[in-house]
Amino acid sequence: DAKTTQPTSMDCAEGRAANLPCNHSTISGNEYVYWYRQIHSQGPQYIIHGLKNNETNEMASLIITEDRKSSTLILPHATLRDTAVYYCIVRQAAGNKLTFGGGTRVLVKP
Amino acid sequence: DSGVTQTPKHLITATGQRVTLRCSPRSGDLSVYWYQQSLDQGLQFLIQYYNGEERAKGNILERFSAQQFPDLHSELNLSSLELGDSALYFCASSVGGQVNSPLHFGNGTRLTVT
């Protein structure tokens, strides 16, 4: 699987937008970018995924650069409940599994 | 609620014992995945089943085995348990095996081996 690089941790203020970066410079043309988060020891929660176009759902927006070598997950209005570890994953077309890295530990502060 | 159900939530057992973890996928999902999360290893993929057949294998020990039944529920069997097997075990499901079909995770079984 293509390797991703994320900051180890970041803080953001409650009510503000949280922008989580991810580098995936070795991504192939048929690989998707997925974002998950894990709150404490709960199961990973699916957030959003995309191939090359920007995507938005009720949880977040995903911005993928034109060369697809990096992406940004945007949480538009962070709440304390968004405190979690966020994982950026590049998923191969040939395989079905998700390979989790270390993720970004996000702390939302009042 | 992801719709994926895992039982039991907690399991405490002794070294050398055998346990079975159960997973019910979301309605309509044909693929089931098992992951292990320990403190020092992060989330590790173990094995995937699709409609009853093994599809992919990850870092699954020979002491561990899994199967998916005709009703699509899955079981992960862990035998000859060691202290190092203490971890969270997550099951996930997806509609099929397509790369654009998200996995949805259950809330896991916490296994403690004493």
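The values are calculated or read from the model by the stated rules, or taken from the named source; none is laboratory data. These numbers come from a predicted model, not from an experiment. So basically every Cβ, Gly included, is an ideal-geometry build from the backbone, and we count neighbours across all protein chains shown.
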Please find, within segment A:5-32, the residue that is farthest from B:His10 (Cα to Cα) out of those that are modelled with pLDDT of 95 or more and within 14 Å of chain B (Cβ to nearest Cβ).
A:Gln6
Can you find a residue that is in contact (Cβ under 8 Å) with a residue 60 or more places away in the chain and not in a loop (DSSP other than H, G, I, E, B) anywhere in segment A:53-66?
no
Of all residues in segment A:67-85, which are outside any strand (DSSP E or B), of a type in the set (A, V, I, L, M) and surrounded by 15 or more Cβ atoms within 10 Å (Cβ to Cβ)?
A:Ala78
Does any residue of segment A:86-101 turn out to be surrounded by fewer than 16 Cβ atoms within 10 Å (Cβ to Cβ) and either part of a strand (DSSP E or B) or free of Cβ contacts under 8 Å to residues at least 24 places away in the same chain (or both)?
yes
When you scan segment B:40-47, do you find a residue that is crowded, with 19+ Cβ neighbours inside 10 Å and farther than 15 Å from A:Lys97 by Cα, even just one?
no
Within segment A:9-43, residues being of a type in the set (Asp, Glu) and not in a strand (DSSP E or B) number 2
For the list (1) at the interface with chain A (Cβ under 8 Å from one of its Cβ atoms); (2) not in a strand (DSSP E or B), I need the number of the one condition that B:Leu88 fails.
(2)
